[in-house]
Amino acid sequence: MGQWFTIKGLVTSLTALLCLTTFSNIFSGGAFPAVLPDMARSAALADWQLGLVAGAFGFARMVAAIPIGLFLTHNLRRALWLGPLVLATGALCVTSGGGLPMLVLGRLLMGLGQALSMVGGLTAILRFQSGTNLAAALAAYELSAMIGMLGGAAVIAALPGSLPWNTAFLLTCTPQLIGVITVPKLLAALPAQDGAGAQPLFARQATNGTAVNPTSHADQTRRPSLVPLAFAAGGMIALTYSTMEQFLVPLRVSREFGLERAGVARLFMVQQVFDIAALIPTGILADRRGAARVLSVILMVMATANALVGFGTLPVVVLGCALFGLSMSGWMLPLSVLRRETAAEQVSWRTGLYRVCVDGGLFLGPFLSGILGMHLAGFLPALWTAALALTSLLLLARARSSGTMAVHG
């Protein structure tokens, strides 16, 4: 019953519209890995070219993250308008059949559109969502994205295998129109002031004397900061996720196990189902038990899943995808840790900087995989597994020494 009221409290009109927009915009992300093998065959792409196409999405997000973070300080409404439009333009470029340059351009535009929408949505939540349920609110936002990812994978799996990959991908992207149609209502739900003159919810709480962070400013100056490890955790999660989803699994199960487009999509559906099932409980658990503690466990689960996916037989890969889905339920936890360590006036800037680390990981994962090629693809899963485990142990040790584990991370 308590969990129900916690979730119910998150369903404001603004939160609901942000979730709907994210849900519709992310269908293309759920479908893209399944079409990678077909894209490689039809366009005769070498592994490094395929890595470039897959990584262009994260590269655009990485380059745009800080400018968008600064842009959002005064232009949140414009960003929420532009995001779905740029994303739709990118999808049209990807499916136009224009060869490698057009594929790269389309993925760059899709990355830029995603950055505008996602960072805009995150900024709106961080500005206007109550700090009490921050991790759960972020989990609800991530839940909508993961349902969209599941929808994209399900649609691409259900479409006839005889369809060309670009036709199937374009059909799967059509829900993005929902995001375009929803924008006017989303803007109407935003508070009247959202620029530099706005006074966000957590700023009003600070003005009224209500504590924003669970520890005082003096405590924060005395104890070790968790900010560097929050950045490292976000970057490692992105690196591992993008390597697995944007290169390793689609090509490995296609070439080694002979799975077609629908089979690849079903593997990612397994991941998304476990992710969706764990998202809200993970957010609520982080609010109650501490985001840093839960994040350290999440990183260790992801390390295990990464090893299973990188080196296992097909049944082991399926198990690894399920565990990977469980670990991806903690995708927002580094941001929750970062927010609790950040003053209100620095939120937009640090969010943009954090996205540089995350989007850099989204770019480097498939890009490095493509350069190494499938014959050396096992090197990166081994490296990422070790790095995840190390980050988990460092985070656990730092959280214990800082005394932040017991109350809200």
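The values are calculated or read from the model by the stated rules, or taken from the named source; none is laboratory data. All figures in this text were calculated on a predicted structure; none of them were measured in a lab. No Cβ is skipped: glycine too gets one built from the backbone with ideal geometry, and neighbour counts run over all protein chains shown.
Numbers at a glance
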| quantity | calculated |
| --- | --- |
| Residue satisfying condition, being surrounded by fewer than 23 Cβ atoms within 10 Å (Cβ to Cβ), part of a helix (DSSP H, G or I) and in contact with a Leu (Cβ under 7 Å, 6 or more places away or on another chain), within set Leu335, Leu323 | Leu323 |
| Qualifying helices (runs of 4 or more DSSP H) (wholly inside the stretch 10-118; at least 3 residues being over 17 Å from Gln246 (Cβ atoms)) | 13-25, 47-94 |
| Residues being small (Gly, Ala, Ser) and surrounded by fewer than 20 Cβ atoms within 10 Å (Cβ to Cβ) - total across the stretch 252-309 | 4 |
| Some residue of the stretch 57-69 being farther than 30 Å from Leu279 by Cα and either in contact with a Gly (Cβ under 9 Å, 6 or more places away or on another chain) or among the aromatic types (Phe, Trp, Tyr) (or both) | no |
| Given (1) modelled with pLDDT of 90 or more; (2) part of a helix (DSSP H, G or I); (3) of a type in the set (A, V, I, L, M); (4) out of contact with any Cys (no Cβ under 9 Å at 6 or more places or on another chain), number of the condition Leu259 does not satisfy | (2) |
| Any hit, the stretch 59-80, residues being surrounded by fewer than 19 Cβ atoms within 10 Å (Cβ to Cβ), among the aromatic types (Phe, Trp, Tyr) and in contact (Cβ under 8 Å) with a residue 40 or more places away in the chain | no |
| Of all residues making up the stretch 349-382, the number that are of a type in the set (A, V, I, L, M), more than 21 Å from the chain's Cα centre (by Cα) and assigned to a helix (DSSP H, G or I) | 5 |
